[in-house]
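Shown next, in structure tokens, is the structure this report addresses.
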Amino acid sequence: MVKAYQFNQSSVKLIEKILDDDVVMINHMILNQGDALPKHDSNSNVYMIIVRGAITAQLGDESAKRYECGSILNIPGKIAMNISNSDPEQAEFFVVKAPSPRLYQ
């Protein structure tokens with residue numbers, strides 16, 4: 001049976017959980033210029049799929065880099081992450097965690 005999931009559009013910062021099961025967790029995020037996610041360590045294997053705009057990501061000990069629409073980042077578990085938008089255009093991206101963090105070891 002097919003199940004459809006919905007996500008929202010927004011003119012302000014948005015962080016929403018779309019799906020959370022044992023196999024995968026999917027979040028949808030929109031950041032405006034100057035918005036950022038809280039600094040944290042990845043809690044599973046993370047894939048960030050940028051579908052609009054660009055994000056700046058500082059991962060682990062690496063220098064911050066800018067990633068544009070069409071990029072998919074693969075971030076291993078337990079890596080320090082600092083994600084922000086410094087561009088005037090909204091950044092929209094999906095965060096796919098596999099497996100769900102509750103099963104990641």
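All but one of (1) in contact with a strand residue (DSSP E or B) (Cβ under 7 Å, 6 or more places away or on another chain); (2) in contact (Cβ under 8 Å) with a residue 24 or more places away in the chain hold for PRO88; which doesn't?
(1)
Checking MET81 against (1) open to solvent by less than 30 Å² (accessible area, probe 1.4 Å); (2) modelled with pLDDT under 95: exactly one of these is not met. Which one?
Checking MET81 against (1) open to solvent by less than 30 Å² (accessible area, probe 1.4 Å); (2) modelled with pLDDT under 95, the one that fails is (2).
Any idea how many residues of region 73-100 are closer than 17 Å to ILE26 by Cα and not in a strand (DSSP E or B)?
4
So, restricting to strands (runs of 3 or more DSSP E) that lie completely within region 1-72, which ones have at least 2 residues that are touching a residue at least 24 places away in the same chain (Cβ under 8 Å) and surrounded by 17 or more Cβ atoms within 10 Å (Cβ to Cβ)? If you could, list the steps in order and put the result at the bottom.
Details: elements: 14-20, 25-31, 45-52, 54-59, 65-68.
Where strands (runs of 3 or more DSSP E) fall fully within region 1-72 and carry at least 2 residues being touching a residue at least 24 places away in the same chain (Cβ under 8 Å) and surrounded by 17 or more Cβ atoms within 10 Å (Cβ to Cβ), they are 25-31, 45-52, 54-59.
The values are calculated or read from the model by the stated rules, or taken from the named source; none is laboratory data. Remember, predicted model here, so these are calculated numbers, not experimental data. All Cβ positions, even for glycine, are placed from backbone atoms using ideal geometry, and neighbour counts span all protein chains on display. Calculation scope for accessible area: heavy atoms of the full protein, side chains included, ligands and nucleic acids excluded. Shrake-Rupley method; radii C 1.70, N 1.55, O 1.52, S 1.80 Å.
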